Amino acid sequence: MASLTETDLRRAITDAIHQDDECIYLSGGIWTFAHRLGWPVAEIHSRLLEVILDVLGSSRTLLLPAYTFSYAKSRRYDVQETPPETGVIPTAALGHLAFQRTFKPINNYLVTGPRTNEIMSLPCTTAWGDDSVMAWMERANARLCIIGVPWHEACS
């Protein structure tokens, strides 16, 4: 199997977004390609996050799903401490100073970029309703970027 370089990764991310995209929702499964990067396993999540942030730049807003499905059973959720159950990229973002996490325990998101305050102020009375992050993404015409797996296997 061919290796992937950081340049390949940057090109793939650049090709997936349009120049005028202001908001990006990123999800997927890096297990399908991470082994091809040749990076130390312990560094993959943080290096990949840094590449994504660098390619997107500071003028775009990035949203990562940080769902905590276990809340339904445990009733425990700490916006800063509870690990996301959506993969290693959101887990890396949880400890990154640029990101803020929305407050709803099950359907929450890690957000960075110019529209972060707008997202953080959403009431989110339901996960899918008019005042939810999902509805906000639709209104903002957010670009859905699914990496590593077919989109229909990665979307809520």
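The values are calculated or read from the model by the stated rules, or taken from the named source; none is laboratory data. The model shown is predicted, which means the values in this text are computed figures rather than measured ones. With ideal geometry, Cβ positions are generated from the backbone for all residues, glycine too; neighbour counts draw on all protein chains shown. All accessible areas refer to the heavy atoms of the entire protein, side chains included, with ligands and DNA or RNA removed. Shrake-Rupley method; radii C 1.70, N 1.55, O 1.52, S 1.80 Å.
Assorted remarks:
- Unique match (being out of contact with any Phe, Trp or Tyr (no Cβ under 8 Å at 6 or more places or on another chain), of a type in the set (A, V, I, L, M) and not in a helix (DSSP H, G or I)) among V149, V111: V149
- Given (1) open to solvent by less than 10 Å² (accessible area, probe 1.4 Å); (2) under 24 Å from W136 (Cα atoms); (3) in contact with a Leu (Cβ under 8 Å, 6 or more places away or on another chain), number of the condition P84 does not satisfy: (1)
- Only one of the numbered conditions (1) within 24 Å of W136 (Cα to Cα); (2) of a type outside the set (S, T, Y); (3) touching a residue at least 12 places away in the same chain (Cβ under 8 Å) is not met by G57, and that is (3).
- Options S46, S59, S70; residue that is among the polar types (S, T, N, Q) and touching a helix residue (DSSP H, G or I) at 6+ places or on another chain (Cβ under 6 Å): S46
- The residue of segment 127-141 that is farthest from N107 (Cα to Cα), among those that are outside any loop (DSSP other than H, G, I, E, B) and of a type in the set (D, E, K, R), is R139.
- Residue among R11, R75 that alone is of a type in the set (K, R) and under 15 Å from I106 (Cα atoms): R75
- Members of segment 16-45 that are in contact (Cβ under 8 Å) with a residue 40 or more places away in the chain, assigned to a helix (DSSP H, G or I) and surrounded by fewer than 17 Cβ atoms within 10 Å (Cβ to Cβ): A16, W31, T32
- Across segment 110-156, the qualifying residues are those that are open to solvent by 20 Å² or more (accessible area, probe 1.4 Å) and among the aromatic types (F, W, Y), and the one among them that is farthest from G29 (Cα to Cα) is W128.
- Residue in segment 89-96 that is part of a loop (DSSP other than H, G, I, E, B), over 20 Å from L144 (Cα atoms) and of a type in the set (G, A, S) present: yes
- Annotation for segment 81-94: no member residue is under 15 Å from the mean Cα position of the chain (by Cα) and farther than 23 Å from W31 by Cβ.
- Some residue of segment 47-58 being more than 16 Å from the chain's Cα centre (by Cα) and farther than 23 Å from S121 by Cβ: no
- Residue count for segment 115-126 under the criterion of being touching a residue at least 24 places away in the same chain (Cβ under 8 Å) and not in a helix (DSSP H, G or I): the result is 1.
- Residue in segment 72-80 that is small (G, A, S), open to solvent by 20 Å² or more (accessible area, probe 1.4 Å), within 20 Å of G57 (Cα to Cα) and free of Cβ contacts under 8 Å to residues at least 60 places away in the same chain present: no
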